[in-house]
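Please read the structure below before turning to the comments.
The values are calculated or read from the model by the stated rules, or taken from the named source; none is laboratory data. Only a predicted model underlies this, so the values are computations on that prediction, with no experimental measurement involved. Here the Cβ positions follow ideal geometry from the backbone for every residue, glycine too, while neighbour counts run over all protein chains shown. For accessibility, only protein heavy atoms count, side chains too; no ligands or nucleic acids. Shrake-Rupley method; radii C 1.70, N 1.55, O 1.52, S 1.80 Å.
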2 protein chains.
Amino acid sequence: MSAQAYAGRSPDPTQALRRLVDPDSVAIVGASDRAGSLGARTVSNLLEHSDFRGRPYLINPSRDRVAGRPCFRSITELPEAPDVVLVTVPADTVLPVLRDCAAKGVRYAVVFTSGFGELGEEGRRAQAQMLDLARESGMRLYGPNSPGLCNVNRRLGLSFSPSFRLDQRPGPIGLATQGGGIGRCFLQATERGMGVGLWASTGNEVDLCVADFVRYMADADDITTIVTAMEGIRNGADFIDAALRAADRGKPVIALKVGRSEYGAKAVQSHTGSLSGTAEVNSAALRQAGVIEVDDIDELIDTAALFARRRPAGTERVAVFGFSGGVCALAADAVGEVGLELCRFSDETLDRLRTAMPDYAGISNPVDATAHILIDAEIGYHGLKAVVEDPAADIVLYPFPCDYAELTGRIAETAVRVHRETDTPIVSVWTSDRLGEGWRHLVDGGLVPSRCVKKSAMLIRRWIDHGKWIAARNRLWRPLDLPPRGEPVQYAEPSAKRRLRMHGVESPEGGVAATADAAARIADSLGYPVVAKIVSAQVAHKSDVGGVEVGLADAAAVRAAFDRIVGSVAANAPDVTIDGVLIEQMVRERGFEALVGITRDPVFGPVMTFGLGGLHAEIFKDVSRRLLPVTEREAREMIGEIRSAALLAGYRGRPPADIDALVAALVSLSRFVADSGGQVEEIEINPLWVGEAGRGVVALDCVLSAVAEAHA
Amino acid sequence: MSAQAYAGRSPDPTQALRRLVDPDSVAIVGASDRAGSLGARTVSNLLEHSDFRGRPYLINPSRDRVAGRPCFRSITELPEAPDVVLVTVPADTVLPVLRDCAAKGVRYAVVFTSGFGELGEEGRRAQAQMLDLARESGMRLYGPNSPGLCNVNRRLGLSFSPSFRLDQRPGPIGLATQGGGIGRCFLQATERGMGVGLWASTGNEVDLCVADFVRYMADADDITTIVTAMEGIRNGADFIDAALRAADRGKPVIALKVGRSEYGAKAVQSHTGSLSGTAEVNSAALRQAGVIEVDDIDELIDTAALFARRRPAGTERVAVFGFSGGVCALAADAVGEVGLELCRFSDETLDRLRTAMPDYAGISNPVDATAHILIDAEIGYHGLKAVVEDPAADIVLYPFPCDYAELTGRIAETAVRVHRETDTPIVSVWTSDRLGEGWRHLVDGGLVPSRCVKKSAMLIRRWIDHGKWIAARNRLWRPLDLPPRGEPVQYAEPSAKRRLRMHGVESPEGGVAATADAAARIADSLGYPVVAKIVSAQVAHKSDVGGVEVGLADAAAVRAAFDRIVGSVAANAPDVTIDGVLIEQMVRERGFEALVGITRDPVFGPVMTFGLGGLHAEIFKDVSRRLLPVTEREAREMIGEIRSAALLAGYRGRPPADIDALVAALVSLSRFVADSGGQVEEIEINPLWVGEAGRGVVALDCVLSAVAEAHA
């Protein structure tokens, strides 16, 4: 973990942030009575809309009293060092205020003020000064450019938001975001009956960041379900570590990561370099840490609500219940489309359904109570009750097709009654734009209705998948936090292959020739056929400059190839240094072509990519990814989860690939990078020849970029 | 087109259905005063909640008066044959009532009653009798199992629904569904400010079906945008024909097709008794006819609203405007993820934005007005106005991050003002569950806010794609309506190849040998190497029974292969008849392996599938599909739209494939099937060898299933 991420961090994060989340004393710098001002709103949130029992201090150098209370001229005048100082003053006076805070011994400074890093270079310089101040003093910084922190479960608003007083429904969900918009929107899901206990919005994250609050919430007693929305992740390994801590404590982390497309990434201006690659690495990293990634704000809400209700086992089967044939079929469709299983009801359940419902109702799964339910709402109760009590129905998807005022009100009421009598989660969906009595019943009854049928099926899929992740989890795995060391150089192929061999990855026998005659001698000693390849650290794509010839069957062919290669490279790439021609045994045995790469992601560090060679990876993006370290377990998962994995397993009567050797190679590469202590920047083996079972793997070509070593 | 689909159809569909949609006289059979009954609700909808100026007739054999009006004892007693009769009586008396209607000369009978085809065999028999009656009499049937028809633009409810009086907002959108649930839900988008002019819900579709109403709405003056939700399509060619008629008249058809997964298809079948066909063929057919397919009910609504506002050109670029950095970035992400282009603003626009907005606002695309807009809502007006007036901004995505009561009210009001002053469509998204003043302004202002950021980007994508479809459309194309003729048999490979050659698709030179010596003689005359393949109409997978040997280099090898093949097939498949061994020239030239198939979809008839051979098609499902006929234009599209098309175009320095020959082969196959007049059931060529440019294509293996011909 980088020094920056750990700066000032206490060994016990819960204790460390407790006095921020639940402080004994809070000072507001810039306290004001001017209606609508940041200061006035902050004072009002703390003194009027919070249930704050600690000691508040109001600070304003030009006022004697604010909100009817005495006012201090500055932090230095306070009778104690407050746990938390809320800074609402204009940008140009923030730094002096923070200096006063640090001098006074304040624990946490929360800076609401905007106009720093998001504005450009000058703002970034100011932020660097803030960070220095924090490191030197031990004071932790929250913000700047933050709407503050809302501890709803304690009814405490350290915030200037005029919405704080409205968005207060306590609950077991904890939320950590960077910006305010997505977070505030999430909080407004109170309208759907969801309670959010804590919201931290860390703004520009000069010091405290989303990961710190994930870690806090992993340990906090009042939070069971953790939700994050992030534009950038400052330190990937730190975030993964926090997410794994939550997993250790049985708490799911649900994330919306903004900046997945090039446009989005540009918009958040969080990354440089390979932007499109980063989104895929992000998703792979989050998945590896058991973080449930979603695609939109409504999904964040729906997913949090379901997880807060119940934890998945990973083996759940789905039932669909409804009262419109079309909408039931749409829901069944959705279940199938996301690859879930509709359960088969027991005979007893079918009997109960037959008894409860009209003749023309659908009683196999999906259950369609039909419009008859509008005449007799109680069939909704008895039908749904039979379904949730079926031993195979682990979760129920219940779409409400439209609003029929008091009629749907009565039906929704029966759903709420069943919900209260069962542990089986009922995922209700309200598809109509008319939010009538039925909607109100579902909301008040704690069913947190979602709005899209198809998304609700995906929601259930994600929920079950997380259960699978927990069941299969490698609890010992922790990410390799390996900052780069030194300036990497590109190795020429022979020395790259030599280093790989030293670390357990085979490559063909061969040697480098300086002349055509030497090439022929090497080929003679290897046996034919051979391949000939240009050796030059400056040539990345050898074929493109005519630098590769294969299937050379005798010495004459080798000599001719040598001359052609040298001539062609000299003509096509006149500026490169030619270090000779590599002559290698040609692998002719039947096998598979794979590719393995390890690159350094700017956020998450070293990440391995695996796929089958050529088109599968390039056109169909059929690759799997893992953060390092890749142990045998991760390696087998990576190989098994590509879509073309069936090929390796022995497709259409072909013998299977040497999976064990392939696994060993991936593990060796991971170890190589780990052991290098940050020296390896990039490895790409493409193709990696994979023989049939028992025949091993051979790196046919490879690129290595690493800090140069004396023996290389 | 099948006889059934055209039974009783008038040559001018608009005129044909006009008297149903806007009748001069309407009779209600089963008229009643009993509160909550089907009959009473129907009477109330027609007499109280409609603005019906024609002649109503109430019919009930056991009442003298209903709703204060005189009542007739039966249809036969009426002074005229009404345009429309609404049938609300129980299932067992529906047929006698329909017989009376037919005898009286009624034009349209609308049957609300349930309990027919959806219940099973007996109900399907009753439906068959209804259809016979309709065909014999010329009376058209609507239903049974239908909630009726709502002509909102005429304020006429031929419906028993208690919601009819609530869901009345006239508008240019016409809706045709089968079941009622999805349709009613769609109508309730009135709550989002959407107006639906006509809703037909055709129920079990004994006679009139969704396609008839698509055709009606294609011609209707008050409808500009057509929406359908279908569980099954009774006659694919008929639906395509209706959709193309709408396209001819410049009206988009938007469809939600239920029954895409196996579960959904099963649910549809048990719910309506109709086949849903395969999802892939359905989607391909709809796309080919320019139908905009969506995945969920909310998407149906959003898409209809956008199309009703404006027609796409297909070249539109997108701008994002908002006031939360995170949500703006999420929207920019979404635009990128669906493959759309964020526009670049002109210098003038950038100047205007700089002037209008605070320093720290984002003024490149996405435009982030920041929370400053909460203090000064007018920057919302000036900023958005500058964006919509930028020449490159063709459509604006405007996400509202959350509700700040009157503050967001004021902001939304500025959006509505700009919306009224511009032709540029503004797709507003309201992500919060709190539907405050801002929401109300957007709804009342006609912006029809949607609810999901990512879905809104997909909505824009579908809109633009439809513009592309219009621009590239082959206006002459009409589907081949080719019912099967006779009982097909499987052809042995040599005769299948002979028939293909007769229709312009080459295969290797070769001959069938009955003995090893004959095989060697054939091979000698062809030249080496050759391949040898078992000939038997009963063997579908020749390799699986050891029935194929390739690369036979001389006569001895051919003789040995003959014996091995015959021995192996006899051992592996002792019951099949061996008709000899096919000896063929082996294609050794470098090329590509494609596959082409034509199968008969139960709903849409003959459909062609194209892909690259082996894994691309099998593992990655990378295939394209078209209903027949496939002309040169469709063939080129099919080849170009697979993801691996880049391979054929000359990938990484390889020469390109002979696309012209490939196109010619696809067209020939389509013609072969069309010319066969329904005799061909299935063709599969796999692999179809495709040479490099100028080298042609060769069917290396093929399966043909067709009605046997004398010369075959």
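Just the number, please: percent antiparallel of the DSSP beta bridges in the protein assembly as shown, rounded to the nearest 5.
If we restrict to bridges inside the protein assembly as shown, about 55 percent are antiparallel.
On C-alpha positions alone, give me the angle between the axis of helix A:493-502 and the longest principal axis of chain A, in degrees, nearest 10.
70
What whole-number distance in Å separates the alpha-carbon centres of segment A:586-629 and segment B:598-663?
28
For segment A:274-371, rounded, prolate or oblate, judged on the Cα gyration tensor with a ≥ b ≥ c (square roots of eigenvalues), a/c < 1.5 rounded, else prolate if a/b > b/c?
prolate
How big is the dipole moment of the protein assembly as shown about its Cα centre under a simple scheme where the beta carbon of each Lys and Arg is +1, that of each Asp and Glu is -1, and everything else is neutral? Debye, nearest 20, please.
It works out to roughly 2160 debye.
Hey, which residue of B has the C-beta nearest the axis mapping B onto A, and what's the distance in Å?
B:Phe620, 2
Give me the percent relative contact order of segment B:171-299, please, defined on Cα pairs under 8 angstrom at least 6 residues apart.
24
At the nearest 100 Å², what buried accessible area, both sides summed, do you get for A and B when the probe is 1.4 Å?
Approximately 6000 Å², summed over both chains.
Can you tell me, using C-alpha contacts under 8 Å and at least 6 residues apart, the relative contact order of chain B as a whole percent?
Once divided by the residue count of chain B, the mean separation gives 9 percent.
List the residues of segment A:168-199 that lose 50 Å² or more of accessible area once all protein chains are present, compared with their chain alone (1.4 Å probe, heavy atoms only, no ligands or nucleic acids).
The answer is A:Cys185, A:Gln188, A:Glu191.
Which of the lysines could be linked to B:Lys251 by a straight reach, that is with a Cα gap under 22 Å, when you skip same-chain ones fewer than 8 residues away?
Partners found: B:Lys468.
Quick check for you: with a 1.4 Å probe and neighbouring chains kept, what is the accessible area per residue of segment B:543-638, in Å²?
In whole numbers, segment B:543-638 has 42 Å² accessible per residue.
When a/c reaches 1.5 or more, the comparison of a/b and b/c decides; with that in mind, is segment B:301-443 rounded, prolate or oblate per its Cα gyration tensor?
Rounded, because the longest to shortest axis ratio a/c is under 1.5.
Could you list the square roots of 5 times each eigenvalue of the Cα gyration tensor of segment A:474-633, that is, the equivalent ellipsoid semi-axes, sorted largest first and rounded to whole Å?
So the equivalent ellipsoid measures 34, 18, 15 Å along its semi-axes.
For segment A:151-273, what does the alpha-carbon gyration tensor say about shape, rounded, prolate or oblate, given a ≥ b ≥ c as the root eigenvalues, a/c under 1.5 as rounded, and a/b over b/c as prolate?
It comes out oblate by the Cα gyration axes.
Please name whichever of B:Thr88, A:Thr577, A:Ala706 sits farthest to the positive end of the charge dipole of the protein assembly as shown, dipole taken about the Cα centre and charges placed at Cβ: Lys and Arg +1, Asp and Glu -1.
The one lying farthest along the dipole's positive direction is B:Thr88.
Output ³J(HN,Hα) for segment A:285-297: one whole-Hz value per residue in order, computed from phi by the Karplus curve 6.51 cos²θ - 1.76 cosθ + 1.60 with θ = phi - 60°, and x for Gly and Pro.
5, 4, 4, 4, 8, x, 6, 8, 8, 10, 10, 7, 5
What Kirkwood hydrodynamic radius do you get for chain B when you take the inverse of the mean 1/r over all pairs of distinct Cα atoms, in Å?
Final number for the Kirkwood radius of chain B is 29.1 Å.
Ignoring everything except DSSP H segments at least 4 long, calculate the 222 nm mean residue ellipticity for chain A; use -39,500 (n - 2.57) per segment, divide by total residues, nearest 500.
Only helices count here, giving -11500 deg cm²/dmol.
Could you bin all the Cα-Cα distances of segment B:619-712 into 10 Å bins starting at 0 and give me the percent of pairs in each, rounded to whole numbers?
15, 44, 31, 9, 1
Could you name every residue in segment B:325-340 that has 20 Å² or more less accessible surface in the full protein assembly than in its own chain alone (probe 1.4 Å, ligands and nucleic acids excluded)?
Buried by 20 Å² or more upon assembly, which counts only protein chains, are B:Gly326, B:Val327, B:Ala329, B:Leu330, B:Ala332, B:Asp333, B:Gly336, B:Glu337.
What is the set of long-range amide H partners of B:Ala176 at a cut-off below 5 Å, with H atoms built 1.01 Å from backbone N?
Hits under the 5 Å cutoff: B:Ala200, B:Val227, B:Thr228, B:Ala229.
Run through the other copies and list how far each one's label point is from that of B:Arg485, in nm with one decimal, shortest first; the point sits 7 Å from Cα along Cα-Cβ.
The projected label point of B:Arg485 is separated from its counterparts by 8.0 nm.
Output wanted: per-residue J couplings in Hz (rounded whole) for segment B:142-158, from phi through Karplus 6.51 cos²θ - 1.76 cosθ + 1.60, θ = phi - 60°, x for Gly and Pro.
For segment B:142-158, the Karplus-derived couplings read 10, x, x, 6, 10, x, x, 9, 10, 9, 5, 4, 9, 6, 10, x, 9 Hz, x marking Gly and Pro.
What is the set of long-range amide H partners of B:Met194 at a cut-off below 5 Å, with H atoms built 1.01 Å from backbone N?
Sorted by chain and number, the residues that satisfy this come to none at all.
Long-range amide H contacts for A:Tyr57: which residues qualify at under 5 Å (H placed 1.01 Å from N, peptide plane, sequence gap of 5 or more or a different chain)?
A:Val26, A:Ala27, A:Ile28
For chain B, find the longest principal axis of its Cα atoms and tell me its angle to the long axis of helix B:121-137, 0 to 90°, nearest 10.
80
Quantify, in whole percent, the carbon and sulfur part of the accessible surface of the protein assembly as shown (1.4 Å probe; protein heavy atoms only).
Carbon and sulfur atoms account for 48 percent of the accessible area of the protein assembly as shown.
In degrees between 0 and 90, to the nearest 10, how far off the longest principal axis of chain B does helix B:236-248 point, with axes built from Cα atoms?
60
With θ taken as phi - 60° and the coefficients 6.51, -1.76 and 1.60, list the Karplus ³J(HN,Hα) couplings across segment B:185-202 in order, rounded to whole Hz; mark glycine and proline as x.
4, 4, 4, 6, 5, 3, 5, 9, x, 9, x, 10, x, 8, 10, 10, 10, 7
Using the 7 Å Cα-to-Cβ label point, sort the distances from A:Leu131 to its equivalents in the other copies shortest first and give them in nm to one decimal.
7.4
Counting pairwise Cα distances across the protein assembly as shown, what percent come out greater than 67 angstrom?
Tail of the P(r) past 67 Å holds 16 percent of the pairs.
Can you find, among B:Met458, B:Thr370, B:Trp430, the residue sitting farthest towards the positive end of the charge dipole of segment B:333-482, where Lys and Arg contribute +1 and Asp and Glu -1 at Cβ?
Result: B:Met458.
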